1. Is there a residue in segment 157-167 that is modelled with pLDDT under 95, part of a helix (DSSP H, G or I), in contact with a Phe, Trp or Tyr (Cβ under 9 Å, 6 or more places away or on another chain) and within 19 Å of Gly50 (Cα to Cα)?
2. Check off (1) farther than 29 Å from Pro46 by Cα; (2) outside any helix (DSSP H, G or I) for Glu132 and give me the number that stays unchecked.
3. Does any residue of segment 97-105 turn out to be in the same structural domain as Thr157 (by TED's automatic domain parsing) and within 26 Å of Arg163 (Cα to Cα)?
4. If we keep just the residues of segment 38-70 that are in a loop (DSSP other than H, G, I, E, B) and of a type in the set (A, V, I, L, M, F, W, C), which is modelled with the lowest pLDDT?
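The values are calculated or read from the model by the stated rules, or taken from the named source; none is laboratory data. Computed from a prediction, not measured in an experiment: that's the story for all the values here. FYI the Cβ positions are ideal-geometry reconstructions off the backbone, even for glycines, and counts take in every protein chain you see.
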Amino acid sequence: MSDSDLSHFQKCVDKAKSTLEGGHDGEAIEAAARQLIKDARTGDLPEFIGDRIAKLEVIINMISDVEWQLAEDDRKRVLSALIYFCNPEDLIPDHIPGLGFLDDAIYVELVIRELRSEVESYEEFSAYRVAEEERRKESGLNPHVEREEWLADKRATLHARMRKKRTGRSDTKSWRLSF
């Protein structure tokens with residue numbers, strides 16, 4: 001995408017944010033994003049679109065996972081990125097067969113790039129949680145005993161790394177979404 005394409009897309013995102021921020025809470029934003037996934041799955045989508053819409057689920061899971069315990073400022077940042085999906089009048093109306101979800105897929109790709117450190121950390125946390133549960137079961141241990149302690153250690157490490165990576169990227173000169 002060219003800089004002018006990205007600039008135009010940012011204007012659409014900004015418009016969605018300005019018209020919707022005051023009237024939507026986190027649950028409404030999450031519900032709108034989940035509905036987009038549900039609606040998108042009912043159609044026959046090109047692979048590019050289907051893959052990106054599936055990635056949206058990781059972001060939604062990240063903000064709704066009670067064991068991940070995303071800090072409020074990080075949660076707001078992610079929700080702000082998702083507010084575009086609340087806008088029924090987005091760049092390309094979703095009801096247009098084959099193309100209706102193209103703008104949503106492009107936006108998901110941009111959001112994934114922008115939230116890269118958050119997504120990578122969450123995916124690592126999720127994989128660790130499953131692997132540690134399995135390891136404990138195989139060792140004859142109850143994976144629920146001291147669960148919060150072993151999750152807290154990993155979570156703290158990943159949250160710190162996530163913020164450090166995000167801060168380290170803030171001085172780059174490439175185009176970035178603002179949310």
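1. no
2. (2)
3. The initial filter retains those residues of segment 97-105 that are in the same structural domain as Thr157 (by TED's automatic domain parsing), namely none.
No: zero hits.
4. Going residue by residue through segment 38-70, those that are in a loop (DSSP other than H, G, I, E, B) are 42-46, 65-70.
Those left that are additionally of a type in the set (A, V, I, L, M, F, W, C): 45, 66, 68, 70.
Details: Leu45: 79, Val66: 94, Trp68: 96, Leu70: 90.
Among those that are in a loop (DSSP other than H, G, I, E, B) and of a type in the set (A, V, I, L, M, F, W, C), it is Leu45.
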